[in-house]
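What follows draws every value from the coordinates through simple rules; no lab data is involved. Note that this is a predicted model, so its numbers are computed, not measured. Cβ placement follows ideal geometry from the backbone for every residue including glycine, while neighbour counts extend to all protein chains displayed.
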Amino acid sequence: MNDVYKIGLGGGCHWCTEAVFQAVEGVTKVEQGYIASAPPAETFSEAVIVHYLPKKVKLERLLEIHLHTHNSTVNHSFRKKYRSAVYCFSSEKEKQVKAILEVLQKQFEEKLVTQVLPFQEFKASRESIQNYYRKNPDAPFCKRYIEPKLKVLERTSLLSRKGRKD
């Protein structure tokens, strides 16, 4: 039996994050919406919950994709709403994520601003904006913001056919 794990990821716009992780082999489901954490970051931010098969894609690789497909080294002017974050469902996972981020930091010249936070609550986006890229691949937003992120994945072997428009 394949165990499915989950991790919350905030990286700016949830439409972009959703599209990126829907294209990753080994990801079984992506829930788009808003995640809140325990204090001091109790406000909701745009994020996704990624369900994945660790035998097909490792957490390390998911975090590497996450850091490279959004601006993880600069505080966004709407940082609370668009914060760079990893939301963990256990304290053990928080420790694991912090150790992975420490290693991944070496891939960046600037310091990562990505926060590791405990998951507190999730609110799904309204249905009309779920799967935004799949429903609107030719929308200007998708062309300008989502497709460049998917091109990052095309340079790896983790992009599956399900993430492509063709």
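At-a-glance table
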{"item": "Solvent-free Debye scattering, log10 I(q)/I(0), computed from the Cα coordinates of region 27-119 at q = 0.15 Å⁻¹", "result": "-0.57"}
{"item": "Scattering curve values for region 4-66, log₁₀ I(q)/I(0), Debye with Cα scatterers, q = 0.26, 0.28 Å⁻¹", "result": "-1.07, -1.18"}
{"item": "Top of ARG61, ARG144, ARG134 by mean-square fluctuation, Gaussian network on the chain, Cα under 10 Å", "result": "ARG144"}
{"item": "Percent RCO, i.e. relative contact order, over the chain, from Cα pairs under 8 Å lying at least 6 residues apart", "result": "32"}
{"item": "GluC sites (Glu not before Pro) restricted to region 70-117 and DSSP loop, no more than 16 other C-beta within 10 Å", "result": "GLU109, GLU110"}
{"item": "Theoretical ellipticity at 222 nm over the chain - DSSP helices of four or more residues, -39500 (n - 2.57) apiece, nearest 500", "result": "-8000 deg cm²/dmol"}
{"item": "Loop sites in region 1-60: GluC sites (Glu not before Pro), DSSP, at most 16 other Cβ within 10 Å", "result": "GLU42"}
{"item": "Chymotrypsin sites (Phe, Trp or Tyr not before Pro) restricted to region 99-152 and DSSP loop, no more than 13 other C-beta within 10 Å", "result": "PHE108"}
{"item": "Equivalent ellipsoid semi-axes - Cα gyration tensor, the chain, angstrom", "result": "22, 18, 17"}
{"item": "Anchor LYS123: lysines whose Cα lies under 22 Å away (excluding residues fewer than 8 positions away in-chain)", "result": "LYS6, LYS29, LYS80, LYS81, LYS93, LYS135"}
